[in-house]
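K.L.:
Quick one: this structure, given as structure tokens, is what I'll be asking you about.
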Amino acid sequence: MPRKTLAEFKVEHLRVLDENGHVDPELEPDLSTEQLHALYRGMVRARELDQRMLNLQRQGRIGTFGPCTGQEAPSCSAALAMKDDDWFVGAFRELGGRLMRGEPLTGTLFFHNGWEEGNVLPPEVSRRMLPFTIIVASQCLHAAGVGFAASQRGQGEAVVCFSGDGATSEGDFHEGLNFAGVWKAPVVFVSQNNQWAISVPREMQTSSQTLAQKGIAYDMPCIQVDGNDALACYVAISEALERARRGEGPSLIEAVTYRLLMHTTADDPRKYRTEDEEKEWWQKEPLIRFQKYMTAKGIWDDAKEEALRTELRAEVDEAVQTLESQKPWPAERPFDHVFAEPHPSITRQREEFLANLKEEADA
Amino acid sequence: MPRKTLAEFKVEHLRVLDENGHVDPELEPDLSTEQLHALYRGMVRARELDQRMLNLQRQGRIGTFGPCTGQEAPSCSAALAMKDDDWFVGAFRELGGRLMRGEPLTGTLFFHNGWEEGNVLPPEVSRRMLPFTIIVASQCLHAAGVGFAASQRGQGEAVVCFSGDGATSEGDFHEGLNFAGVWKAPVVFVSQNNQWAISVPREMQTSSQTLAQKGIAYDMPCIQVDGNDALACYVAISEALERARRGEGPSLIEAVTYRLLMHTTADDPRKYRTEDEEKEWWQKEPLIRFQKYMTAKGIWDDAKEEALRTELRAEVDEAVQTLESQKPWPAERPFDHVFAEPHPSITRQREEFLANLKEEADA
Amino acid sequence: MPKLTMVQALNLALREEMERDESVLVMGEDVGIDGGVFRVTDGLHEQFGPQRSLDTPLAESGILGTAIGMAIAGLRPVAEMQFSGFSYLMMGQWEGNATRMRSRTQGQHTCPLVVRMPYGGGVRALEHHSESREAMYATCPGGKVVIPSGPRNARALLLAAIRDDDPVVFMEPKHSYRSFREEVPEESETMPIGQAQVAREGDDLTVVAWGAMMRPTLKAVDEVAAKGASIEVIDLLTINPLDSDTICASVQKTGRCVIVQEAPRSFGVASEIIARINDDVLLYLEAPIKRLTGYDVVTPYFGREKSYIPPVSRIVHGLRETLEF
Amino acid sequence: MPKLTMVQALNLALREEMERDESVLVMGEDVGIDGGVFRVTDGLHEQFGPQRSLDTPLAESGILGTAIGMAIAGLRPVAEMQFSGFSYLMMGQWEGNATRMRSRTQGQHTCPLVVRMPYGGGVRALEHHSESREAMYATCPGGKVVIPSGPRNARALLLAAIRDDDPVVFMEPKHSYRSFREEVPEESETMPIGQAQVAREGDDLTVVAWGAMMRPTLKAVDEVAAKGASIEVIDLLTINPLDSDTICASVQKTGRCVIVQEAPRSFGVASEIIARINDDVLLYLEAPIKRLTGYDVVTPYFGREKSYIPPVSRIVHGLRETLEF
Ligand SMILES: Cc1ncc(C[n+]2csc(CCOP(=O)(O)OP(=O)(O)O)c2C)c(N)n1
Ligand SMILES: Cc1ncc(C[n+]2csc(CCOP(=O)(O)OP(=O)(O)O)c2C)c(N)n1
Ligand SMILES: [Mg+2]
Ligand SMILES: [Mg+2]
């Protein structure tokens, strides 16, 4: 058998809820009304904050940020599927999931207003959540390392790690999946394929038909899901978490979604993509179809929707007020977090800094 | 179709010549006697030099080096399959291929004696051959870049790039394949799976069943070949080169072989692997089976073998003599190759260096 | 002479060099259709097509590593790191291959390539978008490091960097990208790499600065000079190889020196300048050399960054102290 | 007290700390069964098993990146880079995450990890196995850089580095791995990170060195001291944060200073030391500070390396020149 087949692989696509909110009853996960409400609430909450931040940014009241509108499903579904003791390792477009995991709205607001204080979370939240990662794909390695540590403790902790389609090109993505694979680390890698990495379309990022198949390089279970279908995301992530907890190692999930807005507020998508494309994807966005699904199920109606929106807007209002009434934190704090123990050279520079500040204020 | 199959892949194994030198007539490539002789000669030449270098190193007459014994087939087959205008991008275990491409025996000797002069090759050789790469996998990116440049010229040049099983773990391996894939660059990536990366066995390097399947991550044609079977290597590399020249982009070939000796002369394999394992692989080594194949074909015999060995040993003797009669090159040369144009600061340091040397010699 | 911003001047340099030399191409994340996130490569895609204005996958080691291959194979790639904060991912290829290929092969293979990268703070950007680590690149012999300070020298130095036969890290002070305009001659002009420029002549004090620190430095110098001091200002322009001759000649004349550096105090370029002055003209010093720098802290988020970058008032103060020492 | 080589002393430190603290593990290429290519981790695999003596895939960014995750999740990884020459591949994770996690989260997440790496020349090794780039790591605030010079301080500093709550690059002078032995106490001992050590006291001249340069420096000092000079020798031990107080106090006393550095002349640690002396005690200087260093060339292959590393004779010469200035 000189030309023999050694191995065969396939990549599947999963969708539970179609664009009109019709559910495939065979695939529908067994979620309680509370859970469905929580998932929807999480997605709407992210959308509301996102939209408000867009306004704030346009008015110069916060700095540059990357909206998550249209991509609420994967991270919110993950948050629903995860246990308290699991670890959430995000990139920078998982606002929904972060909030569901307990990050206060003010966290992202302070962060995007240029304060490290935005990353300082209530201890029970920060305990199992890593901060926002800007260096694309670098978090994939952190996730593998956290996963290794978690599996050493042997208490069934798992890790969900997000990255984007662009991130799949970085060496760290590959190394992260490879290390996790070798260690059979309990990590669920979710690749949010939102079709664009700033101006670079998915097909210029890599020549593979799917991102899911990149898992084959590590013999890792991999699947492509409709990333605007929160139920499909939930099913795939839950299955992968189960595998992780059973000690079967990592999985790769490609969540096909779309970045409906600009890359960040510094970006202008008109330079590189058409409005038609955007419109088409607005038809497929995740909130409306989920709402339709719940409505058809008889667990949602206009009154509930309105109540939810009103409540969340008030919450966002309050957070913005907190942001804007917050006095600047001490300017010298960075000196206190260079090292755990102060070193004389840093301490002296701290004094010099304060003297300089005073002088400049007096001037 | 909510769970539909998006894509299917398979990984094949190719062998033409079995361990006893029996050929599969259906797969036997159409090579002339001269070509077969050249291929065998290339492999034996590498083996002879390798063995001599081992002795020299043991006697302290050259520095640390990494023997290629047992891995002669992939790079020699590549050299045979390549055209003059193709590019050879190696790691550090492709002595056979390098010599076939025209690198003088003294190149590797000077190099391993600690002289950059060993990398200075006759212009027609250096033109399409990159130097020895020590930083594992970094050459995969160079190959993709060379491939891009070559395809811009549109003259059918292709690139063959070697790396090891350990190299598949590096980010640069992944990035190299991905860039080449996106650019449809004419590159043949040959992954020499010699089972070990120093002390780390192949199965601890990555959790995939094969290395070949890593090509699936880029939708790249990929195949596993018996890397001790020079004909299989030749067939697979030739096919991949043809695809490259037709503009169909890169391929990945896993050549399954074995590092019969130590990683480098500084390494002791007894620490991490058994002699039994080594013995088993000595049964499969590439030279003997090729010799049997040629003998069965009636184009080789003991006399030819002896003549070849005698000739090559004499050639190696001569190269070693050249090495040992070579006076040290000027100590200050590194100053002349920092930048193309000398900068006053470097020029001054050069003078200082010469003055220091003189003083130390006088002291 | 048209008045251009630095972004326009850099764009001009790229365009003219791509017109002049077919082997030149730009490559990097979003440099093609998008024209780069700062628009430095704007319009090149339209004019030269996707093969010479090459959008790459998102991978910094990949960008430099493939540029090395291209350069060896006869092209002259001008690669962009979207921000210097991501360029550390290419350090393996920089230290290990780009800067070594010439010496490794004694000139048989070379890497005539440029890696452009915006660096520095002051634009209210996210983490990793604001630090200054020119010194890190300067620790690698075999690679040049160039930092322009204004539109005109940016254009001239970028042209020189592209024509240079060695790898150049070309760090662009993003704070100066659009904050002022300068006349830039229509005719191509280059400036020599490896030479600093005397931006103001003077006798009492030498001030050395580079990149985004040049503007506040000149302002501070004007303020202090208005009160009668004669101050010489040196715009470093090339970090490596460092032009100590120009600096030392000036300090020999003035006997006093202030160095303004955006990067943290320690292990920066300022330290090397002090060491060079110590080597050659220590005995001419009439006062300790003053370093006005950032602090040895992790680059703060933008809520605090202003206090961390030497402002004009601090420079004025430092100049006075050194003059009066 | 047993006499140990540096390799043995490092191995001892790892072993005792792994015994003391279950959260400590070693990881890297070939650190497990093979015990590391220099045998620093020898025997740990047998004693602590594969999960605490972890052979990793061949990927430097991967090693540091996963170590960061482990450290955040409560472990104390001691990662090995097989040679410092390959460590530049982890620079993205070092600059971008390891050194920043504390300040990013104001102490909520931290990276108590050590990255050990053999550095420096003199062992006739292949390319990339011989250079000294401690200055590159020193340009990143938030990360410490430690370089021992002998078996005893290697053991004490490695223990301190593992117990340190911040990321430490621990550079081991491979030339000193086995070239001499020293008495190392059986009892655990640590030394404070961030403090230099006065290795010899003296009044006429201060000499600063670190790592593999300590031995030739001490030889040279002995030779010159034998002729009557009183020379103070400072072993730097920590590169960042730099203990300028010890250096400046000494120079204030002696008025003269020589710095011996294996790395290239420019942009090295020696420059920072000169800058600190300039800041604090310039007026006490009776001679220019002398840098005895490598040259600003790409690290030569081993055929030439000996001429490129400061030898004893050159140090002797430099000490005399500075004494006689
Ligand atoms: C290592 C690195 N390189 C470049 C950047 C600049 N950058 C920020 S986001 C981005 C695109 C990311 O694309 P993708 O991974 O698809 O995530 P998305 O923004 O679409 O969510 C780029 C290039 C970065 N943050 N990190
Ligand atoms: C980037 C990098 N990391 C580490 C090393 C040290 N090293 C040299 S060869 C080697 C193993 C390489 O294994 P593999 O790729 O399988 O090639 P082989 O030696 O088996 O031919 C290692 C770890 C290196 N040269 N480069
Ligand atoms: Mg994307
Ligand atoms: Mg191998």
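K.L.:
Cβ-Cβ below 6 Å, separation at least six or inter-chain, first residue in segment A:161-190 and facing chain B (nearest Cβ under 8 Å) and within 15 Å of residue B:173 (Cα to Cα), second within 16 Å of ligand 4 (Cβ to nearest atom) and not acidic (Asp, Glu): which pairs?
P.N.:
From residues that are facing chain B (nearest Cβ under 8 Å) and within 15 Å of residue B:173 (Cα to Cα), the pairs are A:175/D:59; A:178/B:169; A:178/B:206; A:178/D:57.
K.L.:
Taking only segment D:150-186 into account, find how many residues are assigned to a loop (DSSP other than H, G, I, E, B) and modelled with pLDDT of 95 or more.
P.N.:
Number of matching residues: 12.
K.L.:
So is residue D:165 free of Cβ contacts under 8 Å to residues at least 12 places away in the same chain, farther than 23 Å from residue D:265 by Cβ and within 14 Å of chain A (Cβ to nearest Cβ) or not?
P.N.:
Considered against the rule, which asks whether it is free of Cβ contacts under 8 Å to residues at least 12 places away in the same chain, farther than 23 Å from residue D:265 by Cβ and within 14 Å of chain A (Cβ to nearest Cβ), residue D:165 comes out as no.
K.L.:
Let me ask another. Could you pull out the residue among A:207, A:191, A:169 that is among the hydroxyl-bearing types (Ser, Thr, Tyr), within 16 Å of residue A:71 (Cα to Cα) and away from ligand 4 (no atom under 16 Å from the Cβ)?
P.N.:
Answer to the selection: A:191.
K.L.:
In segment C:40-59, what residues are surrounded by fewer than 18 Cβ atoms within 10 Å (Cβ to Cβ) and of a type outside the set (Gly, Ala, Ser)?
P.N.:
C:46, C:47, C:50, C:51
K.L.:
Something else: Can you find a residue in segment A:65-82 that is more than 16 Å from the chain's Cα centre (by Cα) and either within 13 Å of residue A:286 (Cα to Cα) or not in a helix (DSSP H, G or I) (or both)?
P.N.:
no
K.L.:
If I ask for residues that are facing another protein chain (nearest Cβ under 8 Å), among the small types (Gly, Ala, Ser) and under 17 Å from residue C:304 (Cβ atoms), which ones from segment A:327-361 would you list?
P.N.:
Listed by number, the list holds a single entry, A:331.
K.L.:
Among the residues of segment C:76-95, which ones are away from ligand 1 (no atom under 14 Å from the Cβ) and surrounded by fewer than 24 Cβ atoms within 10 Å (Cβ to Cβ)?
P.N.:
Residue satisfying the conditions is C:76 alone.
K.L.:
Okay, next question. Looking only at segment C:118-128, how many residues end up being within 14 Å of chain D (Cβ to nearest Cβ) and surrounded by fewer than 23 Cβ atoms within 10 Å (Cβ to Cβ)?
P.N.:
2
K.L.:
Another question, then. Give segment B:200-214 a look and list any residue that's touching a helix residue (DSSP H, G or I) at 6+ places or on another chain (Cβ under 7 Å) and more than 7 Å from every other protein chain (Cβ to nearest Cβ), or say none.
P.N.:
Of segment B:200-214, the ones touching a helix residue (DSSP H, G or I) at 6+ places or on another chain (Cβ under 7 Å) are B:200, B:204-208, B:211, B:213-214.
Once the filter is applied, which keeps residues that are touching a helix residue (DSSP H, G or I) at 6+ places or on another chain (Cβ under 7 Å) and more than 7 Å from every other protein chain (Cβ to nearest Cβ), segment B:200-214 yields only B:211.
K.L.:
I've got another one for you. Only one of C:196, C:220, C:212, C:229 is closer than 27 Å to residue D:265 by Cβ and hydrophobic (A, V, I, L, M, F, W, C). Can you tell me which?
P.N.:
The conditions single out C:196.
K.L.:
Output yes when any residue across segment A:120-140 is within 14 Å of chain B (Cβ to nearest Cβ) and not in a loop (DSSP other than H, G, I, E, B), and no when none is.
P.N.:
Yes, segment A:120-140 has at least one match.
K.L.:
Only one of these conditions is not met by residue B:199: (1) buried (at least 24 other Cβ atoms within 10 Å of the Cβ); (2) touching a strand residue (DSSP E or B) at 6+ places or on another chain (Cβ under 9 Å); (3) of a type outside the set (Phe, Trp, Tyr). Which number is it?
P.N.:
Condition not satisfied by residue B:199: (1).
K.L.:
Going through D:59, D:73, D:98, D:67 one at a time, which residue ends up being facing another protein chain (nearest Cβ under 7 Å) and away from ligand 2 (no atom under 16 Å from the Cβ)?
P.N.:
Working: D:59 fails: away from ligand 2 (no atom under 16 Å from the Cβ); D:98 fails: facing another protein chain (nearest Cβ under 7 Å); D:67 fails: away from ligand 2 (no atom under 16 Å from the Cβ).
Being facing another protein chain (nearest Cβ under 7 Å) and away from ligand 2 (no atom under 16 Å from the Cβ) holds for just one of D:59, D:73, D:98, D:67, which is D:73.
K.L.:
Now a separate question. Output yes when any residue across segment B:202-209 is surrounded by 24 or more Cβ atoms within 10 Å (Cβ to Cβ), away from ligand 1 (no atom under 16 Å from the Cβ) and in contact (Cβ under 8 Å) with a residue 60 or more places away in the chain, and no when none is.
P.N.:
No, the conditions are met nowhere in segment B:202-209.
K.L.:
Residue A:22 is checked against (1) within 14 Å of chain B (Cβ to nearest Cβ); (2) under 24 Å from residue A:196 (Cβ atoms) and fails just one. What number does that condition carry?
P.N.:
(2)
K.L.:
Is it the case, given these coordinates, that residue C:146 is within 24 Å of residue C:234 (Cα to Cα) and either more than 12 Å from chain D (Cβ to nearest Cβ) or β-branched (Val, Ile, Thr) (or both)?
P.N.:
The answer is yes for residue C:146.
K.L.:
Still on this structure, I have one more. Give C:52, C:102 a once-over and let me know the one that is of a type in the set (Lys, Arg) and touching a Ser or Thr at 6+ places or on another chain (Cβ under 7 Å).
P.N.:
Exactly one of C:52, C:102 is of a type in the set (Lys, Arg) and touching a Ser or Thr at 6+ places or on another chain (Cβ under 7 Å), namely C:102.
K.L.:
Tally time: how many residues in segment C:69-89 are within 19 Å of residue B:173 (Cα to Cα) and touching a Gly at 6+ places or on another chain (Cβ under 6 Å)?
P.N.:
Number of matching residues: 4.
K.L.:
Follow-up. With at pLDDT 95 or above, over 22 Å from the mean Cα position of the chain (by Cα), more than 9 Å from chain C (Cβ to nearest Cβ) and surrounded by 24 or more Cβ atoms within 10 Å (Cβ to Cβ) as the only criterion, which of D:251, D:260, D:233 stands out?
P.N.:
Exactly one residue qualifies, and that residue is D:251.
K.L.:
Could you list all residues from segment A:87-100 that are out of contact with any Leu (no Cβ under 6 Å at 6 or more places or on another chain) and either surrounded by fewer than 24 Cβ atoms within 10 Å (Cβ to Cβ) or among the hydrophobic types (A, V, I, L, M, F, W, C) (or both)?
P.N.:
Hits for segment A:87-100 are A:87, A:88, A:91, A:92, A:95, A:99, A:100.
K.L.:
Let me ask something else about it. I'd like to check something: does segment B:177-195 contain any residue that is of a type in the set (S, T, N, Q), surrounded by 24 or more Cβ atoms within 10 Å (Cβ to Cβ) and more than 16 Å from ligand 2 (Cβ to nearest atom)?
P.N.:
Checked segment B:177-195: at least one residue is of a type in the set (S, T, N, Q), surrounded by 24 or more Cβ atoms within 10 Å (Cβ to Cβ) and more than 16 Å from ligand 2 (Cβ to nearest atom).
Every residue, every condition in (1) within 16 Å of ligand 3 (Cβ to nearest atom); (2) among the hydrophobic types (A, V, I, L, M, F, W, C), yes or no:
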| site | (1), (2) |
| --- | --- |
| B:127 | no, no |
| B:130 | no, yes |
| B:143 | no, yes |
| B:148 | no, yes |
| B:182 | yes, yes |
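K.L.:
Within segment B:109-156, how many residues are of a type in the set (Val, Ile, Thr) and within 16 Å of ligand 2 (Cβ to nearest atom)?
P.N.:
Matching residues across segment B:109-156 total 4.
K.L.:
Let me ask something additional. Give just the number: which of (1) within 16 Å of ligand 3 (Cβ to nearest atom); (2) within 9 Å of chain B (Cβ to nearest Cβ); (3) under 17 Å from the mean Cα position of the chain (by Cα) does residue A:197 not satisfy?
P.N.:
(2)
The values are calculated or read from the model by the stated rules, or taken from the named source; none is laboratory data. None of these values were measured; they are calculated from a predicted model. In this analysis, Cβ positions are derived from the backbone assuming ideal geometry, glycine residues included, and neighbour counts consider all displayed protein chains.
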